[in-house]
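Values in this text are rule-based calculations from the coordinates and carry no lab data. What you see is a predicted model, and the numbers here were worked out from it, not measured in a lab. Because the Cβ atoms are built from the backbone with ideal geometry, glycine has one as well, and the counts that use them run over all protein chains shown.
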């Protein structure tokens, strides 16, 4: 069984640009969560989607948005990128909120 | 409110034991434990639920004191493969996929 897959693995963007990160959950998992992890810190919750509906939102500005598709894959969009958005973006999927499987992440560098 | 983990770092010899603690100031529904190796995704180790239910790897043990909002992860007879950063993630509700992660505990196991 394939795990959680994220694309791209690495990305370099310029300040002010927009970026879209993609996530495919484990087959059968309907819940997808997004986290931002800055070097040396724990992951910080951004969004959770379940059955295409937003179930939770973390303390991030409106520049961050996400959506989930009928096949349960998800996209995270970040507009007007700032240097401080440079981080590892992790996607996690779950069958029942009783344990999450993380993808390997997208390393975003904003220059 | 971010849970507080202690200690921040541990160095062990193979075969030694370690305990990692996680403390929250808020009432908890569940505590999740993950291990992350450098450059890799966090890997699920265990979930402890209010009421005593636990799910996780057989070789990992942990406790959850609901009244004190504290959890401890017990690593016994440590192996080199146990090295990494351990995170606890807390959830205040069963209906949310929002985990609030601690700052992490770095464990290094030496031969």
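Data table
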| read-out | value |
| --- | --- |
| Using distinct alpha-carbon pairs, which all enter the 1/r mean, Kirkwood radius of chain B in Å | 13.9 Å |
| Per-residue Cβ neighbour rank within 10 angstrom, fewest leading, A:55, B:35, A:67 | A:67, A:55, B:35 |
| Sorted by Cβ density within 10 Å, fewest first, the residues B:38, A:29, B:57 | B:38, B:57, A:29 |
| Reciprocal mean inverse distance between Cα atoms of the protein assembly as shown - Kirkwood radius, Å | 17.8 Å |
| Over the stretch A:15-111, relative contact order from alpha-carbon pairs under 8 Å, at least 6 apart, % | 34 percent |
| Alpha carbon centroid spacing (whole Å) that separates the stretch A:84-111 from the stretch B:59-102 | 19 Å |
| GNM top mover of B:89, B:52, B:97 - chain B, alpha-carbon springs below 10 Å | B:97 |
| Mean separation of Cα contacts under 8 Å, 6 or more apart, over the residue count of chain B: relative contact order % | 39 percent |
| Relative exposure of A:13, B:67, judged by other C-beta atoms within 10 Å (fewest first) | B:67, A:13 |
| Volume in Å³ per residue [convex hull over Cα atoms, computed for chain A] | 95 Å³ |
| Alpha-carbon gyration tensor eigenvalues x 5, square-rooted, for the stretch A:1-60, Å | 21, 16, 13 |
| Relative contact order computed over the stretch B:60-100 (Cα-Cα under 8 Å; 6+ residues apart), in percent | 24 percent |
